[in-house]
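Read the structure below first, then the notes.
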Amino acid sequence: MNRKKIVSTVKKLVVKANTELRKDVAGLLRTAYQDEDNRQAQEALGVILENARIARARRIALCQDTGLPIVFLEAGADVKISRALIDAIQEGIDQGYAEYGFRASTIDSDRHLSYSPYITHIGFTRKKGFTITVFPKGFGSENKSQLKMFNPTVSRESIDEFIVEAVRKAGCDACPPYVVGVGIGGTSDSCLLLAKEALIGRIDRPARDTSAGKWETSLYEKINALHIGPMGLGGKYTCLAVKIKTAPTHIAGLPVGVNISCHALRSASATIRDF
Amino acid sequence: MELKTPLSEKDLISLKAGQVVLLNGTVYTARDRAHQRFIELLGRTQALPLDLKNKIIYYCGPNIKGDTLGACGPTTASRMDVYMKAMYIQGVAATIGKGQREPAMRQLCKEYKRVYFVTHAGCAAYLRNRITSYRLIAFGDLGAEAVFEFEVEKFPLIVAIDTQGNDIYERLGTSSE
Ligand code: SF4
């Protein structure tokens, strides 16, 4: 295992995720800025875009809440998951956060502050190599997560109501405009993970499955009808996108999880093939 | 409109919910654990490490590396609602944060003639450019949750709750409703 390469790759991802606004998010913010006709809300969107320019140029974190450093690891058929690999990733996280002065926001029961243990989710693919995604999640938005265990025969309207209500309850606390991740199916724990995973992929493209895409669009419209807007100032953009991920579930239930991201939706991925 | 600290009672009373203000002068950071410490010290009738009279509290846990201040945007104000009354009794003039507060905060702002400001949430690099200097004041062991003094220049604020108890976020309802 090429430990050095893994450490340096993760370190780069830490810096990229925290200082460079994702292109898809930036694109949707620019569209919102151009389209918004509530002047105060538009100015707030302008400040968000200006913030991204400064953060990138000066390598300052987009947000002071540099989050819990969550890592998604997608391991290919040729990858051996070992303690050494996990330790190397941790090392890259520690170095990246410390070197750039990103805030240590993780606290343990002894009140010790650190960047660890970061949370790792491991998935498997048939491709070669492994993909590491660093996903710093701020808690202003994480605190607004919601889970509901529905009956299997629940109507689409009731699910929509629950999701829209989750956003309404978040109000403007979690830094709108939001990106709303929704997980449907699986178990109570895995549907919330699906909701978070929904935020990793590009958010500016409609879902491949057209019926899922239609559902996302109709939720997007319902959420934007709340008129919370940037800083709670109103306007057309309470959310930039809604992303749904589904999984099979038990015949006796239908778990639905909502994971809200602030406009500072941060993640960076890299695939390592020779390791 | 530009304002300079310390804010006089007249300044505070003149502010109206929704108004945009550029602040010049000094603010002090404090978030969850610093507030908890303040309350513990007050409970033991011990002196606070700084006199809170007429001070502006900025709910912020900045990024700091060595001597360099990095990102420093606002954190969610409602987590500090439980400490608000005690802070006003100590003389805190205003608070800066993000998000809605419990409806009871409207009454407190009215009663004590105090103001709650919000600033651009999630725009920590942008706000960094409005801070000219900083120093550690107290509770260094709390890391980012320590109390820092920030000198600010044209720091952008919006009055969220004014001294009449008007709240720009009333239209959004509350999370408990
Ligand atoms: S919710 Fe997001 S943008 Fe807002 S303070 Fe937290 S991390 Fe920053």
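Readers should treat all values here as calculations from the given coordinates under stated rules, not as data from a laboratory. Quick caveat: nothing in here was measured; it's all calculated off a predicted structure. Note that we place each Cβ from the backbone using ideal geometry, even for glycine, and neighbour counts take in every protein chain shown.
With only the Cα atoms considered, the stretch A:108-175 has a convex hull volume of 189 Å³ per residue. Taking all C-alpha pairs of the stretch A:157-261, those more than 19 Å from each other amount to 39 percent.
Between the alpha-carbon centres of the stretch B:135-157 and the stretch A:119-193 there is a gap of 34 Å. Full extension of the chain segment joining A:Ser158 with A:Ser269 gains 36.5 nm, where the gain is 0.36 nm per residue of separation less the Cα-Cα distance.
Charges were assigned to the Cβ only: +1 to each Lys and Arg, -1 to each Asp and Glu. The resulting dipole of the stretch B:2-171 about its Cα centre is roughly 140 debye.
Across every pair of non-identical alpha carbons in chain A, the mean reciprocal distance, once inverted, gives a Kirkwood radius of 19.4 Å. In terms of overall dimensions, the C-alpha atoms belonging to the stretch A:104-147 reach 41, 26, 15 Å along their principal axes, ordered largest to smallest. Once divided by 2.2 N^0.38 Å, the Cα radius of gyration of the stretch B:47-120 becomes 1.17.
Stokes-Einstein diffusion for the stretch B:78-177 at 25 °C, viscosity 0.890 mPa s, with a Kirkwood radius from C-alpha pairs, works out to 165 µm²/s.
As a proxy for reagent exposure, B:Phe150, A:Phe124 were ordered by neighbouring Cβ count within 10 angstrom, fewest first; the result is A:Phe124, B:Phe150. The trypsin sites (Lys or Arg not before Pro) of the stretch A:200-275 that DSSP puts in a loop, and whose beta carbon has at most 15 other beta carbons within 10 Å, are A:Arg202, A:Arg208, A:Arg273.
Pop a pseudo-label 7 angstrom from the Cα along the beta-carbon direction at both A:Asp204 and B:Glu153 and give the gap in nm to one decimal. It is 3.4 nm. Put in order of Cβ neighbour count within 10 Å, fewest first, the listed residues B:Phe155, B:Phe139, A:Phe150 become A:Phe150, B:Phe139, B:Phe155. When only the Cβ of Lys, Arg, Asp and Glu is charged (+1, +1, -1, -1), the dipole of the protein assembly as shown relative to its Cα centre reaches about 980 debye.
The length gained on full extension between B:Arg44 and B:Lys113, counted as 0.36 nm times the residue separation minus their Cα-Cα distance, comes to 22.1 nm.
Taking 7 Å steps out from each Cα toward its Cβ at A:Glu20 and A:Ala77 produces label points 3.2 nm apart. The residue list A:Ala225, A:Ser109, A:Val7 was ranked by how far each Cα lies along the charge dipole of the protein assembly as shown toward its positive end, using unit charges on Cβ atoms, and A:Val7 comes out on top.
Note on the stretch B:2-171: the C-alpha convex hull projects to 8.8 nm² when averaged across all orientations. Here the Gaussian network model covers chain B, with springs between Cα atoms less than 10 Å apart; of B:Ser133, B:Ser14, B:Ser78, B:Ser14 fluctuates the most. Under the simplified labelling scheme, the A:Asn143-B:Asn166 pair shows an inter-label distance of 2.8 nm, with each label point 7 Å from Cα along Cα→Cβ.
Among the trypsin sites (Lys or Arg not before Pro) in the stretch A:115-158, those placed in a DSSP loop whose Cβ has at most 16 other Cβ atoms within 10 Å are A:Arg126, A:Lys127, A:Lys128.
Between B:Ala104 and B:Ile137, the contour length at 0.36 nm per residue exceeds the alpha carbon distance by 8.9 nm. Cysteines of chain A lacking any other cysteine Cβ under 4.7 Å from their own Cβ: A:Cys63, A:Cys172, A:Cys191, A:Cys239. Each of B:Thr119, B:Thr68, B:Thr45, A:Thr246 was scored by other Cβ atoms within 10 Å of its Cβ. Arranged with the fewest first, they read B:Thr45, B:Thr68, A:Thr246, B:Thr119.
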